[in-house]
Amino acid sequence: MPAISPQPAAHDAAPYDALLLYSFGGPNQPEDVVPFLRNVTAGKGIPDERLEEVGEHYYGFGGKSPINEQNLALKAALEAELAARGLDLPVVWGNRNWAPYTNDAVDELEELGAKRAVALVTSAFSSYSGCRQYREDLAITLDKRGQLGPDGSTGVQFDKIRSYFNHPGFAQANADAVVEAFATLGADGGSPEAARLVFVTHSIPDTMEAASRISHATYSQQHLDLAAVVAAQVAERLGHEVPWDLAYCSRSGPPSQPWLEPDVNDRLESLAADGVRDVVLSPIGFISDHMEVAYDLDTEALATAKDLGITAVRAGTVGVREPFVTGLVDLLLERAALARDEPVTEATVGSLPAFRSVCAPGCCLRRDGEPSGIPALCGPDLSS
């Protein structure tokens with residue numbers, strides 16, 4: 001593999017010489033499902049019999065998650081956008097839970113000769129699952145390689161792009177998808193003017209929600225702020241008011257543990273009881289159509305809507321839509337300017353500020369007020 005060419009001093013992406021596309025991962029075939037789920041649930045003591053039950057969601061789709069192909073598509077789209085801007089920056093893909101693993105990505109970065117990489121996590125929102133867990137995984141990986149010192153990596157240096165839920169490109173791409181869904185609803189015999197817009201995201205435990213407040217706003221507040229922006233953009237383009245809600249999907253864990261509610265199926269039931277007959281579901285919490293979208297929305301929620309007599313369509317995710325991809329490259333260049341200590345305007349929409357590129361101490365713990373003892377990169381709390 002050829003080494004990275006030295007970047008000229010004036011290169012807009014300097015000091016970075018590589019981009020790490022950092023994602024969750026998923027199985028590629030039926031025999032991958034249980035080993036993948038073991039990785040996801042490591043340390044929780046869940047027996048394989050239970051994992052086989054959970055894996056039925058994957059087996060129903062041939063034992064393959066769509067996420068890996070979607071990450072490859074995003075990788076290609078980012079490479080094309082970088083090339084179109086004259087930025088010679090390689091994109092390396094790594095996952096927390098399946099191949100290519102984080103360690104594989106670090107291997108590739110070293111083979112390329114990278115000295116300082118910037119990580120782009122495929123989660124737009126700030127929470128333990130969407131930010132800190134990736135930073136912990138990166139630190140754990142480096143520690144196993146003997147490359148984690150008191151000040152961070154002793155090998156390839158890593159920064160991260162800020163949580164981007166309130167970046168204009170992410171908002172526009174979601175609004176575009178929702179407008180298209182309203183048009184589809186009309187074609188399917190529904191009434192777009194009377195339709196309810198239901199934004200959907202992955203639920204998290206209440207204690208994780210509370211812990212996320214240190215990032216500027218809690219996980220749910222981040223979604224509510226973006227949803228208001230997207231709904232306003234959609235209403236302006238459609239020329240009529242668009243009432244909306246935020247619902248959740250994909251909760252797991254024991255019933256005794258409170259998670260964010262309402263579940264999307266419960267919300268559909270309450271809307272039906274209120275006389276709503278047309279719904280657009282917008283998976284605003286996900287950047288691509290992976291398993292939570294394919295099963296929880298396209299399978300379960302749409303079936304619930306049908307049983308309730310609701311005409312429902314599901315809006316697309318941002319995927320590789322042009323405003324999203326160009327916005328990600330804008331964010332990369334914004335982060336590079338910050339790394340160079342240059343003044344930069346951090347573009348946002350909504351009422352919340354740009355979130356931190358360098359995370360605050362104790363940011364987004366798994367449980368509120370309970371440091372994990374696991375180091376986390378891209379922040380000052382390597383020992384918290």
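The values are calculated or read from the model by the stated rules, or taken from the named source; none is laboratory data. All figures in this text were calculated on a predicted structure; none of them were measured in a lab. Ideal geometry is used to build each Cβ from the backbone, glycine not excepted, and the neighbour counts take in all protein chains shown. Calculation scope for accessible area: heavy atoms of the full protein, side chains included, ligands and nucleic acids excluded. Shrake-Rupley method; radii C 1.70, N 1.55, O 1.52, S 1.80 Å.
Scanning residues 5 or more positions from GLN157 or on other chains, those with amide H under 5 Å from its amide H are ARG116, ALA117, with H placed 1.01 Å from N in the peptide plane.
Here the alpha carbons of the chain define both size measures, Rg and Dmax, at 20.8, 63 Å.
Axis of helix 67-84 versus longest Cα principal axis of the chain: the two differ by about 60°, to the nearest ten degrees. To check you understand DSSP bridge types, tell me what percent of the beta bridges within the chain (both residues inside) are antiparallel, rounded to 5. Rounded to the nearest five, the antiparallel share is 10 percent. Take the Cα of PHE61, step 7 Å toward its Cβ, do the same at GLN221, and the gap between the two points is 3.3 nm.
Spatial offset of region 262-297 relative to region 81-119 amounts to 34 Å, using the alpha carbon center of each. Across the options TYR128, VAL118, LEU148, the greatest Cα extent toward the positive end of the charge dipole of region 87-168 (unit charges at beta carbon of Lys, Arg, Asp, Glu) belongs to TYR128.
Here the spin labels are modelled as points 7 Å beyond Cα on the Cα-Cβ line, and at ASP188 and GLU53 they lie 3.1 nm apart. Per-residue SASA remark: LYS115, around 140 Å² accessible (1.4 Å probe; ligands, DNA and RNA not included).
Tell me the net charge near GLY63. Cut-off is 9 Å between Cβ atoms, GLY63 excluded, with +1 for each Lys or Arg and -1 for each Asp or Glu.
-1
Quick one: which residues, 5+ away or cross-chain, put their amide H under 5 Å from the amide H of TRP93? H built at 1.01 Å from N. Residues meeting the amide H criterion: LEU21.
Computed from the Cβ-Cβ distance with R0 of 25 Å, the FRET efficiency linking ALA99 to ALA228 stands at 0.05.
The relative contact order of the chain comes to 23 percent, based on Cα pairs under 8 Å that sit 6 or more residues apart.
Across region 159-170, coupling constants 3J(HN,Hα) worked out from phi with the 6.51/-1.76/1.60 Karplus curve, θ = phi - 60°, read 10, 9, 7, 4, 4, 10, 4, 9, 7, x, x, 5 Hz, and Gly and Pro carry x. Compute, for HIS216, the solvent-accessible surface of its heavy atoms (probe 1.4 Å) with the complete set of protein chains present, and express it in square angstrom to the nearest 10. Approximately 80 Å² for this residue. Once the Cβ-Cβ distance between ASP107 and ASP266 is put in as r, and R0 is 41 Å, what FRET efficiency do you end up with, to the nearest 0.05? According to the calculation, E is roughly 0.35. Relative to the first principal axis of the alpha-carbon coordinates of the chain, what is the inclination of helix 264-273, with its axis defined by its Cα atoms, in degrees from 0 to 90 and to the nearest 10? Around 20 degrees separate the two axes.
Rolled with a 1.4 Å probe across the full set of protein chains, the surface gives ASP188 an accessible area near 100 Å². Amide H contacts of ASP263: TYR248, each under 5 Å away and 5 or more positions distant or on a separate chain (H built 1.01 Å from N in the peptide plane; Pro and chain starts excluded). The fraction of Cα-Cα pairs per 5 angstrom bin, counted from 0 for region 292-384, comes to 3, 10, 12, 11, 12, 14, 16, 11, 6, 4, 1, 0 percent, rounded to whole percents. Legend: residues ASP88, ASP381, ASP307, ASP12, sorted from most to least accessible area (1.4 Å probe; ligands, DNA and RNA excluded), read ASP307, ASP88, ASP12, ASP381. Accessible area per residue for region 238-381 is 43 Å², calculated with a 1.4 Å probe on protein heavy atoms, without ligands, DNA or RNA. Accessible surface computed residue by residue for region 104-196, with neighbouring protein chains in place and a 1.4 Å probe, gives 34 Å² per residue. This model, with +1 at the C-beta of Lys and Arg and -1 at the C-beta of Asp and Glu, gives the chain a dipole about its Cα centre of some 700 debye.
Sorting ILE310, ILE140 by accessible area puts them as ILE140, ILE310; the probe is 1.4 Å, largest comes first, and only protein heavy atoms count.
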